[in-house]
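Okay, so here's the structure we're looking at.
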Amino acid sequence: MSNDTGAIARQRHYTSLRDVDREVLRTTWSISYGDPGFTTQFGTPPEASSRHAATSIYKIITDVRWIYRGACLACSWEGPDRRRRDEAIEDAHDHTHPGWRDLLIFPGTRSAKASKLWWAHVRATYPKGWFDAGGPLRLYIEPPFDRHEAGAAPGGGFILYEPCRKPPRSDAVQLLLE
């Protein structure tokens, strides 16, 4: 058991495990499938990033209970245990891109994302150099909700989805004019 922390150290330990019981693998911290830095148990461990970059790590507690932590690909930072991957990814962005929660959230419709004008507006609205530094893009999404998407933002950062808020229900009575 390695006591090193951080996504890179955890993944290096995970890929070093050979001829171990399946349960040992399941309960060992490793980078979440599809997140930056992910490799299989037999893959080559990732190298540390030159800049702070968000990812998530997980381990299986029971068949129905997994825990996640946000982690950084450049340093040993790890966030608190979370029940959902998206919460861990958001923790990681608090570390790698402080202030992301204050950014404008754009509509995430397919037609909007296909528009060059929409993308120009997004780039003009976010801080200069934000996407070059791997910063996330915040989008509203309609149900069914998607999980945060790695590598989908300009510059290779995450798209962080936020559920659309429904307008408040009106209890006003509509009168019929005769």
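The values are calculated or read from the model by the stated rules, or taken from the named source; none is laboratory data. Since the model is a prediction, treat every value here as computed from it, not as a measurement. Here the Cβ is made from the backbone with ideal geometry for all residues, glycine too, and neighbour counts use every protein chain on show. Only protein heavy atoms, including side chains, enter the accessible area calculation; ligands, DNA and RNA are left aside. Shrake-Rupley method; radii C 1.70, N 1.55, O 1.52, S 1.80 Å.
Under a 10 Å cutoff between Cα atoms, tell me which one of ASP102, ASP94, ASP86 has the largest fluctuation in the Gaussian network model of the chain. Evaluated over the chain, the most mobile residue of the options is ASP102. In the distance distribution for the range 1-70, Cα-Cα pairs more than 17 Å apart total 38 percent. Protein heavy-atom accessible surface, 1.4 Å probe, per residue over the chain: 62 Å².
Charge tally around TYR126: other residues with Cβ under 14 Å, Lys/Arg +1 each, Asp/Glu -1 each, net +2.
To the nearest ten degrees, helix 85-96 and the longest principal axis of the Cα atoms of the chain are 80 degrees apart. Every pair of different Cα atoms in the range 32-119 enters the Kirkwood calculation, which places the hydrodynamic radius at 14.8 Å.
Using a 1.4 angstrom probe on the protein heavy atoms only, could you order ARG138, ARG22 from most to least accessible area? Write out the running numbers ahead of the final one.
Details: ARG138 20, ARG22 155 Å².
I get ARG22, ARG138, largest accessible area first.
Of the residues SER115, SER32, SER16, the one that moves most in a GNM of the chain with alpha-carbon contacts below 10 Å is SER115. Would you work out which of VAL20, ALA7, ALA133 lies farthest towards the positive end of the dipole of the chain? Charges go on Cβ: Lys and Arg +1, Asp and Glu -1. The one lying farthest along the dipole's positive direction is ALA133. The charge dipole of the range 32-122, taken about its Cα centre with unit charges on the Cβ atoms of Lys, Arg (+1), Asp and Glu (-1) only, comes to about 340 debye. Sorting ILE61, ILE141, ILE31 by solvent-accessible area of protein heavy atoms yields ILE61, ILE141, ILE31, largest first, with a 1.4 Å probe.
Accessible area of the chain with a 1.4 Å probe: how many percent of it is carbon plus sulfur? For the chain, the apolar C and S fraction of the accessible surface comes to 53 percent. For Cα extents along the principal axes in Å, pick the label among (i) 52, 35, 29; (ii) 61, 38, 34; (iii) 82, 39, 25 that corresponds to the value derived from the coordinates. This structure yields the entry labelled (iii). Protein-only accessible surface at a 1.4 angstrom probe places the residues CYS164, CYS72 in the order CYS164, CYS72, largest first.
If the only charges are +1 at each Lys and Arg Cβ and -1 at each Asp and Glu Cβ, what is the size of the charge dipole of the chain around the Cα centre, to the nearest 20 debye? Walk me through the numbers on the way to the answer.
On the way: 24 positive and 22 negative charges, 55 e Å.
Computed about the Cα centre, the dipole is about 260 debye.
Pick out, from GLY43, ALA120, HIS95, the residue whose Cα sits farthest towards the positive end of the charge dipole of the chain, with +1 on the Cβ of Lys and Arg and -1 on the Cβ of Asp and Glu. Toward the positive end, the furthest listed residue is ALA120. Which one, VAL24, VAL122, VAL64, has the greatest fluctuation when you compute a Gaussian network model over the chain with C-alpha springs under 10 angstrom? It is VAL64.
Distance between the pseudo-spin-label points of CYS164 and ALA48 (7 Å out from Cα toward the beta carbon): 4.4 nm.
When the surface is traced with a 1.4 Å probe over the full set of protein chains, TRP66 keeps roughly 100 Å² accessible. So what's the angle, to the nearest 10 degrees on a 0 to 90 scale, between helix 7-16 and the longest Cα principal axis of the chain? Orientation of helix 7-16: about 50 degrees from the principal axis.
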